[in-house]
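Asker: My structure is below; once you've seen it, I'll send some questions.
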Amino acid sequence: MSDRFNPEQAVPDRKCGQLKQAVEIIGIDRAYLSRMLDFFVARIRADKQLCRVFEGKTTQDRRAQVERMRAFWLDVAVHDGGSTEKLVAVHRNLPGLRREDFDRWLELFRATLEETAPTPEAANYLVTRAERIAQRLKAALFENTAADTARLGDRLRRD
């Protein structure tokens, strides 16, 4: 993996504008993320294990949930500051969430990226972030104390 382009290493000072530019070079922009999330949400809704995330919700609630996901991934990918969601709390409130759901979520995310990513570097960049987020969420939701969870929530928002 060390031979792959990493926008964060290419922009060591992490200036937001420079990072956005580096990420766009590998093909990640608002339009791509929006399209990718449409594919990803369709996979979740069709998946027997994860479909419950959207079960029992009105169309309006589902749309709002997808828009929160969109804002979150824009923030994660291009640091546009659009998402201030408390990720741990959001996931804690999902009905019946289990530790193994994160592994399935990552499988679906990887498959979506394989189909939609404009470049291998874009797929690598996004899956690396997704793996880090999943690892921290699993720790926060299933392993840590309340104080640890608060600190992890802060770290998730910074990533």
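Asker: Are there any pairs, at least 6 apart or on different chains, whose C-beta atoms fall under 8 Å, with the first in the stretch 124-139 and aromatic (Phe, Trp, Tyr) and the second in a helix (DSSP H, G or I) and surrounded by 15 or more Cβ atoms within 10 Å (Cβ to Cβ), and if so, which?
Answerer: Listed by first residue and then by second, the contacts come to 125/7; 125/23; 125/77.
Asker: So in the stretch 1-22, with the set limited to residues that are of a type in the set (S, T, N, Q) and surrounded by fewer than 15 Cβ atoms within 10 Å (Cβ to Cβ), which one is modelled with the lowest pLDDT?
Answerer: 2
Asker: Does any residue in the stretch 29-52 that is outside any loop (DSSP other than H, G, I, E, B) come within less than 6 Å, Cβ to Cβ, of a residue that is at pLDDT 95 or above and aromatic (Phe, Trp, Tyr) six or more places away or on a different chain, and which pairs are these?
Answerer: That search, which allows pairs on different chains as well, returns nothing.
Asker: Would you check if there is a residue in the stretch 47-69 being modelled with pLDDT of 95 or more and of a type outside the set (Lys, Arg)?
Answerer: yes
Asker: Just a yes or no: is a residue in the stretch 23-31 exposed (fewer than 14 other Cβ atoms within 10 Å of the Cβ), out of contact with any Asp or Glu (no Cβ under 9 Å at 6 or more places or on another chain), more than 22 Å from residue 134 (Cα to Cα) and modelled with pLDDT of 90 or more?
Answerer: Yes - at least one qualifying residue is present in the stretch 23-31.
The values are calculated or read from the model by the stated rules, or taken from the named source; none is laboratory data. Because the structure is a prediction, the values reported are computed rather than measured. Cβ coordinates were reconstructed from backbone atoms using ideal geometry, including for glycine residues, and neighbour counts include every protein chain displayed.
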